[in-house]
Amino acid sequence: NLLVTPAPVAGLKLEIVTGRHDPPLGFSPASRKTPIPVLDYQLQTDCPTTLAWVLTPYRGTVPEVAIATRETAAGTVLTITHAKGRDEIFVSRRGTPGKTALAGRSLAGRVAVARHGKDGAVRTQAE
């Protein structure tokens, strides 16, 4: 199973489509005749905008996952809350290295990550 969690964006809509003919969507790629459910996200918004999804594989019970975004001058910070704690991920704008602070540490680069355990303690930092 795969849980797909989008970051909140005004105007983002989700439709689960199974076997739509016009336009064609929701068919198995192998047979092109077998209807299967697929996610169809649609967005109407002013640009520029940031889109992000958390993909969480799981077995059994659906996990609780939340995502929030925060824009900075250098890029976007994603905060992902899950059963094992919280992750902060910085992604710079258009691949240009940027500076940010995560978990009280100044980091620079295109991508930076801080992983916090359930107790809030920083477990991992990388840039």
Problem set entry | Subset of region 107-127 (residues that are modelled with pLDDT under 85 and not aliphatic (A, V, I, L, M)) | G120, R123, T124, Q125, E127
For this session: Please enumerate the residues belonging to region 83-110 that are open to solvent by 50 Å² or more (accessible area, probe 1.4 Å) and within 14 Å of the chain's Cα centre (by Cα).
Result: R86, V91
Problem set entry | All positions within region 27-57 that are touching a strand residue (DSSP E or B) at 6+ places or on another chain (Cβ under 7 Å) and open to solvent by less than 50 Å² (accessible area, probe 1.4 Å) | F27, V38, D40, T50, A52, V54, T56
Exercise. Is region 43-62 home to any residue that is more than 17 Å from A112 (Cα to Cα) and in contact (Cβ under 8 Å) with a residue 60 or more places away in the chain?
Worked result: yes
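The values are calculated or read from the model by the stated rules, or taken from the named source; none is laboratory data. Since the model is a prediction, treat every value here as computed from it, not as a measurement. For neighbour counting, all protein chains shown are included, and Cβ atoms are generated from backbone atoms with ideal geometry for every residue, glycine included. Keep in mind that these areas ignore ligands, DNA and RNA; they rest on the heavy atoms of the full protein, side chains included. Shrake-Rupley method; radii C 1.70, N 1.55, O 1.52, S 1.80 Å.
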